[in-house]
1. Give the relative contact order (percent, whole number) for segment 78-197; include only Cα pairs under 8 Å separated by 6+ residues.
2. Around Glu91, under 13 Å between beta carbons, what's the net of Lys plus Arg minus Asp minus Glu among the other residues?
3. From the phi angles alone, apply the Karplus equation (6.51, -1.76, 1.60; θ = phi - 60°) to segment 5-20 and give each ³J(HN,Hα) in whole Hz, x where the residue is Gly or Pro.
4. Of the heavy-atom accessible surface of the chain (probe 1.4 angstrom), what whole percent is carbon and sulfur?
5. With a Förster radius of 45 Å, plug the Cβ-Cβ distance of Leu198 and Ile225 into 1/(1 + (r/R0)^6) and report the FRET value to the nearest 0.05.
6. Under the classification rounded if a/c is under 1.5, otherwise prolate if a/b is larger than b/c and oblate if not, where does segment 86-225 fall, given a ≥ b ≥ c as square roots of the Cα gyration tensor eigenvalues?
7. What percent does the relative contact order of segment 1-112 come to when contacts are Cα pairs within less than 8 Å and at least six residues apart?
8. Compare the Cα positions of Gly163, Thr57, Met182 along the charge dipole of the chain (+1 at Cβ of Lys, Arg; -1 at Cβ of Asp, Glu; about the Cα centre) and return the one farthest towards the positive end.
Amino acid sequence: MDKNINFINRLRISITSVRQYNELIKDTLSKAIIYSLMLSLLVGSFLGAFSFAVVGTMQKNIEDIISSDEFKFILKDGILDFENSPIKREEGRSIVYIDTNISLDNVDSIRKVVVHKDESFAILKDGISYRINGNEYNYKFSELPLIEKIDNDIVLKALSIIGIVKYLAFFASILLTYIKFMINAFILSIGGIILNNLNGLNLKYRDIFKICIYATTLPTILGAIIPIGTFSLLISGMYLILVVNYMRSEIQL
């Protein structure tokens, strides 16, 4: 047995060669754990980069809007003053309408502007009116806690702080990928114990857990590309069954 199976070969065996799982089982549990960390780092980094890009793009778009002269505003003591009101933006079945000459008490006066859309978001003088599929929700600015004044400069400063979120999202993706990986491997190992007893293989739990770590490889990679949900355990379970069946056939020979 090659005692120094590198990461690429472990990845290849985990996905394509059930017969070579014996080589992985003979290796130490610590190397299986290191493998799971490296795989989670790669998959989590891929997911984290996507989250980083999405949050970064959203932040830039909001900054561009808030920095423009068209969207100059000030919210003070629960009253919004929007210099270029009214403004209307439509996209698909949604509409955003800004009119600080109208209060929430007179929200019905803009119904003809927004009623033809499934979803509307109206920013008015003293609050916000959100309507979706016939249901309407109104919120007054004065009800927002600890907010006395907001303007473009304050929002831009807040966005620079919120920008940290994209870095947190990146590292959180790696951490969550690893946690999910190990939870799935642990749950799978319970089934591994049952299969081990039914087939009389006399495997130690650490060997069963090693099989489950490597069997979780493909669903972890697939989960980064497409949402597979509970199919993750189903796929890794199929690998576990194939490995157990192969080991049993080897004993019978």
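The values are calculated or read from the model by the stated rules, or taken from the named source; none is laboratory data. On a predicted model such as this, the values are computed, not experimentally measured, just so you know. We place every Cβ from the backbone using ideal geometry, glycine too, and count neighbours over all the protein chains shown. Side chains are part of the model used for accessible areas, which takes the heavy atoms of the whole protein and leaves out ligands, DNA and RNA. Shrake-Rupley method; radii C 1.70, N 1.55, O 1.52, S 1.80 Å.
1. 18 percent
2. Taking every other residue near Glu91 into account, the sum is +1.
3. 5, 7, 4, 4, 5, 5, 4, 4, 5, 4, 9, 10, 9, 4, 5, 8
4. Answer for the chain: carbon and sulfur cover 63 percent of the accessible area.
5. 0.85
6. Prolate.
7. 11 percent
8. Result: Met182.
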